[in-house]
Amino acid sequence: MTRVRLVQLAHARSGDKGDSANIGVVAYDETLYPLLVEQVSAERVKEHFGTWVTGPVTRYELPNLCALNFVLRGALDGGGTVSLRTDAQGKVLSAALLRMEIEVPDDVAARTAGWGRVPEGWTPEES
């Protein structure tokens, strides 16, 4: 098994509604989706964001799209109209989630090597 960043297996998009953020994670191909279902849980996503998410995280599975959707409550410091965060709408949260590492079989790591891209050195605490 090899640890890889989620960006090597999927792409993502995020947005907001009030103080909640929404992150959709879509596998690059259908063979990678079971790995996402197995390892990218609501608990792991909440842990990954740490103190940035003060409420619960809910995961929805969309197998027909090979995608997961996460709703992060209390993730935007009050939301766009009251937050002093640089990204009060949560637009970059998808990039932050793609930095999470998961374990994959060695052959999957080799096959997907170089897929996706996340700027080096970025962490949620820096925003």
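Nothing in this text is a laboratory measurement; each read-out follows from the coordinates by a stated rule. Values in this document were obtained by computation on a predicted structure and should not be read as measured data. Please note: Cβ atoms are built from the backbone with ideal geometry, for glycine as well, and neighbour counts cover all protein chains shown.
Couple of notes before you dig in:
- Label-to-label distance for R73 and T31 is 3.9 nm, based on points extended 7 Å past Cα in the beta-carbon direction.
- Spacing of the two label points (7 Å from each Cα toward its C-beta) at K17 and V92, in nm: 2.5
- The rule of thumb for compact globular proteins, 2.2 N^0.38 Å, goes into the C-alpha radius of gyration of segment 4-80 1.08 times.
- Computed lengthening from A109 to E38, 0.36 nm per intervening residue step minus Cα-Cα distance: 24.0 nm
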